[in-house]
Amino acid sequence: AILRTAAGTVSVGSPLSILFSAPDGVVVSGHRQTLNAQTGTSYVVALSDVSKLITRGSASASTQKWPSDATAAIPVGSIIPSLTVAAGTVTHSADAGATLITGSTTAMAQGKRVTGYKVAANTWLLS
């Protein structure tokens, strides 16, 4: 990963080392991604998360819900990554009225990333 600091300097490092040293965002392949740092034990993905990286930083177990269109009008085709940065495991689930398509476990330990792809109305593919 590549980081561009507020002072304009550029650093190269592993994605996690860059993430933890870059409170204002991460530059990956020329794209700056803004962070949405969540420290609580429950979070519902919002329209404002489109084009952001959600970081989950609770030491306790927590949940992250992927919304229906009635809860958040996130456009089909949106991609929203989420990274667990603290010791608490994050369990991903569908909010009321939404459907999750998953290829594996939805419980993510520290250092694990899941990406939500809005593939149809009220439907998320997690990988």
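Quick look at the numbers
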quantity: Cβ-defined net charge surrounding Ser82, 10 Å radius [Lys, Arg +1; Asp, Glu -1]; calculated: +3
quantity: Linear extension gain, Ser127 paired with Ala86, 0.36 nm per residue minus alpha-carbon span; calculated: 12.8 nm
quantity: Interchain or long-range residues, amide H under 5 Å from Asp69's placed H; calculated: Asn122
quantity: Vicinal HN-Hα couplings computed from phi for the stretch 110-127 (Karplus, 6.51 cos²θ - 1.76 cosθ + 1.60; Hz; Gly/Pro x); calculated: 3, x, 9, 10, 10, 10, x, 10, 7, 9, 6, 3, 6, 10, 10, 9, 9, 8
quantity: Sequence-distant residues sharing a close amide H with Gln33 (under 5 Å, placed H); calculated: Val26, Val27, Val28
quantity: Cut-off 15 Å between beta-carbons: net charge of the residues surrounding Arg113, Lys and Arg +1, Asp and Glu -1; calculated: +2
quantity: In sequence order, calculated HN-Hα J values of the stretch 76-93 (Karplus, 6.51, -1.76, 1.60; Hz; x Gly/Pro); calculated: 4, x, 5, 10, 10, x, 9, 10, 8, 10, 10, 5, x, 5, 9, 9, 9, 8
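We did not get these values from a lab; they are worked out from the coordinates using the rules stated. Values in this document were obtained by computation on a predicted structure and should not be read as measured data. Positions of Cβ are generated from backbone atoms using ideal geometry, with glycine treated the same way; all protein chains shown enter the neighbour counts.
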